[in-house]
1. Name the single residue, out of those in segment B:253-267 being of a type outside the set (Gly, Ala, Ser) and in contact (Cβ under 8 Å) with a residue 24 or more places away in the chain, that is surrounded by the most Cβ atoms within 10 Å (Cβ to Cβ).
2. Taking the stated definitions as given, is B:Ala139 assigned by TED's automatic domain parsing to the domain that holds B:Phe164, of a type in the set (A, V, I, L, M) and within 20 Å of the chain's Cα centre (by Cα)?
3. So which of A:Ala222, A:Ala274, A:Ala260 is at pLDDT below 95 and closer than 22 Å to A:Glu184 by Cβ?
4. Among what's in segment B:136-156 and is without any contact (Cβ under 8 Å) to a residue 24 or more places away in the chain, in a helix (DSSP H, G or I) and of a type outside the set (Phe, Trp, Tyr), pick the residue that is nearest to B:Leu98 (Cα to Cα).
5. In the set A:Ala79, A:Ala94, which member is in contact with a helix residue (DSSP H, G or I) (Cβ under 6 Å, 6 or more places away or on another chain), within 14 Å of another protein chain (Cβ to nearest Cβ), at pLDDT 90 or above and more than 16 Å from ligand 2 (Cβ to nearest atom)?
6. Hey, could you check segment A:44-68 for residues that are crowded, with 22+ Cβ neighbours inside 10 Å and within 11 Å of ligand 2 (Cβ to nearest atom) and say which is farthest from A:Pro178 (Cα to Cα)?
7. Taking the stated definitions as given, is A:Ser177 at pLDDT below 95, more than 18 Å from A:Ala100 (Cα to Cα) and among the hydroxyl-bearing types (Ser, Thr, Tyr)?
8. Which condition does B:Gly174 not pass, out of (1) in contact with a Pro (Cβ under 9 Å, 6 or more places away or on another chain); (2) at positive phi, if it passes all the others?
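The values are calculated or read from the model by the stated rules, or taken from the named source; none is laboratory data. Because the structure is a prediction, the values reported are computed rather than measured. All Cβ positions, even for glycine, are placed from backbone atoms using ideal geometry, and neighbour counts span all protein chains on display.
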Amino acid sequence: MKLDAGATVPHTTAAAGAVWAPSAQTGIWVENLSHRFVGGLLAVKDAKFAVTAGEFVVIVGPSGCGKTTILNIIAGLEAQQIGSVSVAGKAPKAGRFDIAYMFAQDALLPWRTVMGNVLFGVEVRSEGGQLPKHVYEEARELIAMVGLSGFENAYPRQLSHGMRQRTALARTFLMPSPVLLMDEPFGALDAHTKLMLEQGLLRLWERDKRTVLFITHDLAEAIALADKILVCTARPGSIKCEIPIEMERPRNIGALQNDARYHDYHRRIWTELAAEMVV
Amino acid sequence: MSAMETGSDRASHPQLSKSIPGEQARARRIGAFLNACRLNINRFLILAGFAAVWWAAVEFKWLDRFFFSSPVDIARFLREQFVNEILPNSLETLLAMLIAFALSGVAGVAAGLVLFELPRVKRTIDPILTALNSMPRIALAPIFILWFGIGLASKVALAFSLGFFIVLISTYGGIRNVDPTLIRLSRSLGCTSRQQFTKIMLPWAIPSVFAGLKLALIYCFLGVVTSEMLASKAGLGQLIMYYSGILRMDAVLGILFVMAIFAVLLTFIADWIEAALLGGWAETNTQKGL
Ligand SMILES: Nc1ncnc2c1ncn2[C@@H]1O[C@H](COP(=O)(O)OP(=O)(O)OP(=O)(O)O)[C@@H](O)[C@H]1O
Ligand SMILES: [Mg+2]
């Protein structure tokens, strides 16, 4: 089942002189993106891909191939050097309210409780105003969704690694940004919790139809979540191939193992990746 | 180090301890209380044992009473001179110390923040700061006495010269080593520079500022007593100099004992304030089990 928003393939629009076509909505466009770090390391080379509005795109690739770097550039945290990047038709810029970025690190504030941390994103973005009541309720719901009910008043140092990551997840979801960038958000979780959160993420995504760009090393996770999987080459990273995942939604992640297509996808992506991992 | 081991169950958050049946929680509280009692009894026994051995050694003439005095003589001195000498001079010393500590705290934190906000100024005066800080400040005491006389001001000046740099360095250092991931978070969320400062940098620096303040407290005490020993009209340091001049070992040791009690009390109060203010979020010494 193709999504409504996903169907709106970006047209060439009024962005005068642009060779490529930025989406007028909330899509992400990356073209000929290369990135060289101070010191000369070329981390990304000629990456090219698009995420249409409301699409769930997953990036997989060998460790150190430049996936996080690409996300950082899109989020405006890393200066863009060569190529073009556009998010919702605009150039990347750090701190755009229409982008919510979840790092691989939990980045929790040690002096705030779980509740305080979950609220932190919306709080700074509300520009000092009092948060409306429904935000607190929503925060509580999200905390319950990530399985942290009862820990609202715990401090980060009282939580396990996985619990901290789940707190960061709730903080990211609470921000109403239409574009979500997620860097290995479930990296520190056990298989069971992971399954639960993947299902929760899909539910939220099906409700809000946000645009998601998601990095993972877990192929099962990638197939379960994605509309489209981008496979990266080894460093310098570029997109080696795009694999659309044509499985109906809503998906029951637990039942995917019984689906022959799931195993086909797995084999195919694995073959692509394995070719990159040979030294 | 402090007698606050009982406070370690503040780590168990109300929300978390809810899952523990009340029965068990009470048992744990009682256990913690008994532990604290035993700890303090042990401390007392160590001191009492030491005093007893000392007393016996002097009574049986293994130690010379003239050089080593005796716990009994010390106690007698403290009792007899408490109102006349110990109390007024202690107040004098503590007053100077508190003034110096308050000034060091306010000026040190302010200077630390200003230096952080103005990196160019910081870079310019860095060598000067290092020079001032590594100078043996005690050597400045005669100068301060010359400038400010032998009253309160010169003691405060010496103590301040010690405390200020400690607080300055710990504030600046604390704010400087903020977790870069949190700065990344603040940029990605779009925090204003004001938000970044008040919501991330400042809270981050608090534990380190506290560590600096606790150290400054002790150093201010040291500064005041040193200044009093060199030249002063009043204070415990001056009292010690007077009695050691007339070879009254019981008095000298008695005053040292009073000073030790002050040091312990100050540290205890500082630990307590720290634990109360930082709540459950930062690991205080008590929680680390130090
Ligand atoms: N700030 C930096 N300065 C210099 N080099 C960097 C910097 N950040 C990353 N790199 C280098 O760029 C390359 C890509 O890093 P990146 O973090 O994007 O990898 P990744 O694909 O996210 O890897 P992983 O899957 O392990 O998270 C790595 O070789 C890394 O050493
Ligand atoms: Mg990465």
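1. Checking each candidate, the answer is B:Ile255.
2. Working: assigned by TED's automatic domain parsing to the domain that holds B:Phe164: yes; of a type in the set (A, V, I, L, M): yes; within 20 Å of the chain's Cα centre (by Cα): no.
Here the answer is no, as B:Ala139 does not meet what is asked.
3. Values: A:Ala222 fails: at pLDDT below 95; A:Ala260 fails: closer than 22 Å to A:Glu184 by Cβ.
Step by step, each of A:Ala222, A:Ala274, A:Ala260 is checked, and only A:Ala274 is at pLDDT below 95 and closer than 22 Å to A:Glu184 by Cβ.
4. B:Ala153
5. Checking each option against the conditions leaves just A:Ala94.
6. A:Cys65
7. no
8. All conditions are met except number (2).
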